[in-house]
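S.K.: Structure incoming, see below.
Readers should treat all values here as calculations from the given coordinates under stated rules, not as data from a laboratory. Worth saying up front: this structure is predicted, and the values here are computed from it rather than measured. Quick reminder, even Gly has a Cβ in these numbers, built from the backbone with ideal geometry, and neighbours come from all protein chains shown.
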Amino acid sequence: MTQILKEGGKTIIKTGARIDTMNANQFEEDIQPALKDGGVDLVMDCDELVYMASSGLRIIQKTMRTVMQLKGQFKIINVSPEIYKVLAMTGFTKFMKVEQKKG
């Protein structure tokens, strides 16, 4: 389940365990208020994320574009090695900040 938190001027989107074809539309709907509510400093926390389908990649790319149009910052944090590998293979790590899970 997606959670949206405000913390020190940042908007943090905490993903659930999966972003796949079954819940991608819901995930996109869940994060829209964060983008409309001045989400120009957006952090996507993937601490719980264990699986992401191509539909999830599309939403991340769309979100990043929206934030960049607003002259904001976007980064993904707490990414597992498996999800990081997917992001690297698809080139996402070349055009956005992605931080792997520590420990």
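S.K.: Binning at 10 Å from 0, report for region 3-100 what percent of all alpha-carbon pair distances ends up in each bin.
M.R.: Taking all Cα pairs of region 3-100, the binned fractions are 16, 56, 27, 1 percent.
S.K.: Can I ask one more? Out of all DSSP beta bridges in region 3-100, what portion is antiparallel? Express it as a percent rounded to 5.
M.R.: 25 percent
S.K.: In deg cm²/dmol and to the nearest 500, what is the mean residue ellipticity at 222 nm of the chain if only DSSP H runs of at least 4 residues count, each as -39500 (n - 2.57), divided by the residue total?
M.R.: Values: 4 runs with 42 residues, N = 103.
Helix contribution divided over all residues of the chain: -12000 deg cm²/dmol.
S.K.: Over the chain, with a Gaussian network built from C-alpha contacts below 10 Å, which listed residue (K85, K14, K75) shows the highest mean-square fluctuation?
M.R.: Evaluated over the chain, the most mobile residue of the options is K85.
S.K.: Output ³J(HN,Hα) for region 42-50: one whole-Hz value per residue in order, computed from phi by the Karplus curve 6.51 cos²θ - 1.76 cosθ + 1.60 with θ = phi - 60°, and x for Gly and Pro.
M.R.: 10, 10, 9, 8, 9, 4, 8, 6, 10
S.K.: Now a separate question. Roughly how big is region 3-100's charge dipole about its Cα centre, with Cβ charges of +1 (Lys, Arg) and -1 (Asp, Glu), in debye to the nearest 20?
M.R.: Here region 3-100 has a charge dipole of around 420 debye.
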